[in-house]
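The structure appears right after this line, and notes come after that.
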Amino acid sequence: MEIIEKYFPHLTPSQHDRFARLKELYALWNAQINVISRQDVENLYERHVLHSLAIAKVVQFAEFASILDVGTGGGFPGIPLAIMFPEAEFHLVDSIGKKIKVVEAVAEALNLTNVRAQHCRAEQADSDYDFVVTRAVARITPLHGWVKNKISRNHVHSISNGVLALKGGDLDEEMSELKRKYKIYNLQDFFEEDFFETKKIVYVPN
């Protein structure tokens with residue numbers, strides 16, 4: 001938890017309690033349904049929770065904002081973001097049903113009433129969203145193609161609605177395929193830990 005408090009020192013008691021319970025919950029569920037590696041359970045707060053919260057360094061989701069998390073896996077980045085932004089609505093989808101089972105169990109245990117989990121593909125998500133978030137799910141060009149028609153044209157945030165994708169490594173080839181404007185945020189500008197040295201957020205405004 002210390003690493004979360006280091007970068008987000010103004011958590012409410014409710015946020016602090018929910019973040020503090022994540023390790024116990026993921027250790028419990030990961031023993032039954034493998035959603036993250038064993039090593040990463042030990043590094044949950046740095047490699048999963050803080051990594052997810054990098055998106056909160058780029059944009060603060062407004063009250064009643066609607067966010068789609070594509071390929072959420074065990075709930076990243078959606079669950080940490082839902083804790084950080086309790087007034088926003090999060091729709092977490094994944095094509096693997098047992099991972100959605102974990103998401104539902106964690107959200108229920110934390111009483112995250114702003115989380116809706118669904119076993120489906122991105123193309124089947126059924127609403128308009130302010131932002132689509134994702135972590136290492138697919139190359140950015142097909143990903144944008146799946147969701148571009150689901151992003152609302154009503155912009156109320158500090159940046160235009162669009163896709164915020166957590167990625168790592170050399171993205172030159174991947175980004176050359178995307179024939180539209182984008183911006184890359186380097187996570188080492190937000191977090192000093194070595195893990196974030198090659199980590200990035202790709203932002204594609206709609």
Seminar exercise, completed: By residue number, the members of segment 94-129 that are of a type in the set (G, A, S), in contact with a strand residue (DSSP E or B) (Cβ under 7 Å, 6 or more places away or on another chain) and within 11 Å of G74 (Cα to Cα) are G97, A107, A117
Exercise. Limited to segment 142-159, what total is found for residues that are open to solvent by 50 Å² or more (accessible area, probe 1.4 Å) and under 20 Å from Q124 (Cβ atoms)?
Worked result: 4
Problem set entry | Residues of segment 126-141 satisfying the condition of being more than 19 Å from V35 (Cβ to Cβ) and surrounded by 14 or more Cβ atoms within 10 Å (Cβ to Cβ) | D128, Y129, D130, F131, V132, R139, I140, T141
Seminar exercise, completed: Filtering segment 36-45 down to residues that are surrounded by 12 or more Cβ atoms within 10 Å (Cβ to Cβ) and of a type outside the set (F, W, Y) yields I36, D40, V41, E42, N43, L44
Problem set entry | Residues being without any contact (Cβ under 8 Å) to a residue 60 or more places away in the chain, over 21 Å from E46 (Cα atoms) and either over 20 Å from the mean Cα position of the chain (by Cα) or open to solvent by less than 100 Å² (accessible area, probe 1.4 Å) (or both) - total across segment 183-206 | 2
Exercise. For segment 4-22, how many residues are in contact (Cβ under 8 Å) with a residue 12 or more places away in the chain and buried (at least 16 other Cβ atoms within 10 Å of the Cβ)?
Worked result: 6
For this session: Would you check which residues across segment 46-68 are free of Cβ contacts under 8 Å to residues at least 60 places away in the same chain, open to solvent by 30 Å² or more (accessible area, probe 1.4 Å) and in a helix (DSSP H, G or I) and list them?
Result: none
Exercise. Which residue out of E173, E123, E104, E87 is of a type in the set (D, E) and over 18 Å from the mean Cα position of the chain (by Cα)?
Worked result: E173
For this session: With the condition kept exactly as written, say whether any residue in segment 160-181 is aliphatic (A, V, I, L, M), open to solvent by 20 Å² or more (accessible area, probe 1.4 Å) and at pLDDT 95 or above.
Result: no
Seminar exercise, completed: Going through segment 86-125 in order, the residues found to be touching a Gly at 6+ places or on another chain (Cβ under 6 Å), open to solvent by 10 Å² or more (accessible area, probe 1.4 Å) and assigned to a helix (DSSP H, G or I) are K99
Exercise. Given (1) in a helix (DSSP H, G or I); (2) surrounded by fewer than 17 Cβ atoms within 10 Å (Cβ to Cβ); (3) modelled with pLDDT under 95, where does I33 come up short, assuming only one miss?
Worked result: (1)
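The values are calculated or read from the model by the stated rules, or taken from the named source; none is laboratory data. Here the structure is a predicted model, which means the values were calculated and not measured. We place every Cβ from the backbone using ideal geometry, glycine too, and count neighbours over all the protein chains shown. Remember, those area values only see protein heavy atoms, side chains included, never the ligands or the DNA or RNA. Shrake-Rupley method; radii C 1.70, N 1.55, O 1.52, S 1.80 Å.
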